[in-house]
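Right, one structure below, let's go through it.
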Amino acid sequence: MARALVVTGGSRGIGAACARVAAQAGWSVCLSYRSAGAAAEAVVADIQRAGGQAKAVASDVASERDVVELFDLAEEAFGPVAGLINNAGILAPATRLRDIGLDRWQATMATNLTGTFLCAREAVRRMAVSAGGTGGAIVNVSSMAAVLGAPGEFIDYAASKGAVDALTIGLAKEVAADGIRVNGVRPGLIDTDIHASGGDPLRAERLAPSVPMQRTGSADEVANAIMWLLSAEASYCTGITINISGGR
Ligand code: NAP
């Protein structure tokens, strides 16, 4: 029987790749998006054409009400949620910390950190064996920025992802005996729209020569690692975050 998977930010980039690869692997995928409804529906249509099951839900990860509703709708459509990919994230234009306004700081934290917390909490409440659930797996999408710090560019973003790494470690230990594994990935320079929304569409391409592998990564390369962490192949892994960064 297909298991239900929630993928936040599944309309584009890494989230869309995860949704497609997960559906191929037999998951029923409930993907969320913030505003790109047409793109999200196109991912759903692709999955359904290929014989998979998917549903798109407009849901802001920073809204507690939206997150509860996302999980309710996922369960209504596909049964108990057994997997969560905490992927939704934003990046603001590059600037030094001294020029980062409080509004920008709070917006970055709201999506990247609070969103990850709210979705993880909702998943744990439903998956925990002690609460009548059947266990599950969570993968948090961090960034190499968490360990590189992103000086002169996005310290707000890097700090939000560093906090996600701490959340992964703590939550993994807290719920390990409750049948839930919690892991993460740190993508490096991945070829998606996030660089354009950060004001520099050519950023990944421009920095590619600085990557030991001399190239950007693809959303599928990140999705494949995430799928491994979600799968039974990773049954003895919890509390780890894997770099998917070409050696960066
Ligand atoms: P992307 O192409 O810009 O896609 C971002 C996705 O997140 C979209 O589906 C977007 O929805 C969704 N989203 C943004 N804010 C949201 C909110 N408040 N609520 C719900 N959904 C929201 O980004 P990406 O490159 O695939 O990045 C995915 C994740 O990987 C992020 O966490 C990012 O920080 C991380 N990452 C990316 C890179 C990279 O180089 N690309 C590197 C390291 C880490 P809409 O389409 O509706 O806007």
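Say we look at the stretch 214-228 and pick out the residues that are in a loop (DSSP other than H, G, I, E, B) and within 12 Å of the ligand (Cβ to nearest atom); which of these is nearest to the chain's Cα centre (by Cα)?
Among those residues, the one meeting the criterion is S218.
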TODO: Can you give me the ranges of the helices (runs of 4 or more DSSP H) entirely in the stretch 1-79 with at least 1 residues that are touching a Lys or Arg at 6+ places or on another chain (Cβ under 6 Å)?
DONE: 37-49, 64-78
Task: Meets criteria (surrounded by 22 or more Cβ atoms within 10 Å (Cβ to Cβ), within 9 Å of the ligand (Cβ to nearest atom) and within 19 Å of the chain's Cα centre (by Cα)) for A82 - done: no
- [ ] Might you let me know whether the stretch 216-229 holds any residue that is open to solvent by 20 Å² or more (accessible area, probe 1.4 Å), of a type in the set (D, E, K, R) and within 21 Å of T8 (Cβ to Cβ)?
- [x] yes
Task: Hits in the stretch 196-215 (condition: at pLDDT 95 or above and open to solvent by less than 20 Å² (accessible area, probe 1.4 Å)) - done: A208, V211
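The values are calculated or read from the model by the stated rules, or taken from the named source; none is laboratory data. Computed from a predicted structure; not experimentally measured. Please note: Cβ atoms are built from the backbone with ideal geometry, for glycine as well, and neighbour counts cover all protein chains shown. With ligands, DNA and RNA removed, areas are computed over all heavy atoms of the protein, side chains included. Shrake-Rupley method; radii C 1.70, N 1.55, O 1.52, S 1.80 Å.
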